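The structure appears right after this line, and notes come after that.
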Amino acid sequence: MRKYNFNMSVAMTLVVVCGLLASTPLLAEDAPAKADTGSDAVSPSQISRDRINAIRANEFFYQSFGKDDPFTTLVSGDFEQASAAELVDMNSAHLVGVMWGQDDKFALVEDGEGFGYILRVGDRVRNGRVVSIRKSSLTARVTLYGITSKVVLKLEKTEGK
């Protein structure tokens, strides 16, 4: 199976041109002179040629000076693995929410400084890993100074629920 990359601007241009071709009326004065053969019919290729020439007569110009290029990439660079300083510290974090679906589940955690993290089972945290995610809790196994302990973050109940 081949994959094709179809440019959206090309698609939009085709849609506009086809729409103009379909909506451009052929006026009596724009019709070509009848052939000397005596036939009253105008060939379809002549009609389409006349419509294309009518479209080409409308010149459009886009001034891009001073405007951002809409085709530049929004994200650049390579993927960087998170360092230990960027990992969430489970001792100062609290569980904000849990997203649960048929195929995937993840926890929304906020550290003591207010930074948010999205964690899945197996993700690294400072000095450990996430072991399980339940509907109202997250469990991580943390090893510090050779001692492994289990840290459980429970979802806080808010008023109104």
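The values are calculated or read from the model by the stated rules, or taken from the named source; none is laboratory data. Just so it is clear, the model here is predicted, and its values are computed rather than measured. When we count neighbours, we look across all protein chains shown, and the Cβ atoms used for this are built from the backbone with ideal geometry, even at glycine.
Can you confirm whether segment 70-80 contains a residue that is within 30 Å of Leu119 (Cα to Cα), modelled with pLDDT under 80 and not in a loop (DSSP other than H, G, I, E, B)?
Looking for residues that are within 30 Å of Leu119 (Cα to Cα), modelled with pLDDT under 80 and not in a loop (DSSP other than H, G, I, E, B), one finds none in segment 70-80, hence no.
Consider Ser92 carefully, then state whether it is modelled with pLDDT under 85, assigned to a loop (DSSP other than H, G, I, E, B) and hydroxyl-bearing (Ser, Thr, Tyr).
no
Go through segment 103-161 and count every residue that is within 15 Å of Val88 (Cα to Cα), surrounded by 14 or more Cβ atoms within 10 Å (Cβ to Cβ) and either touching a Lys or Arg at 6+ places or on another chain (Cβ under 6 Å) or not hydrophobic (A, V, I, L, M, F, W, C) (or both).
Going through segment 103-161 one residue at a time, the tally reaches 13.
Going by the structure shown, is Gly122 at pLDDT 90 or above and on the phi > 0 side of the Ramachandran plot?
The answer is yes for Gly122.
Identify, please: which residue in segment 115-161 is of a type in the set (Lys, Arg) and part of a strand (DSSP E or B) and is, among those, nearest to the chain's Cα centre (by Cα)?
Arg124
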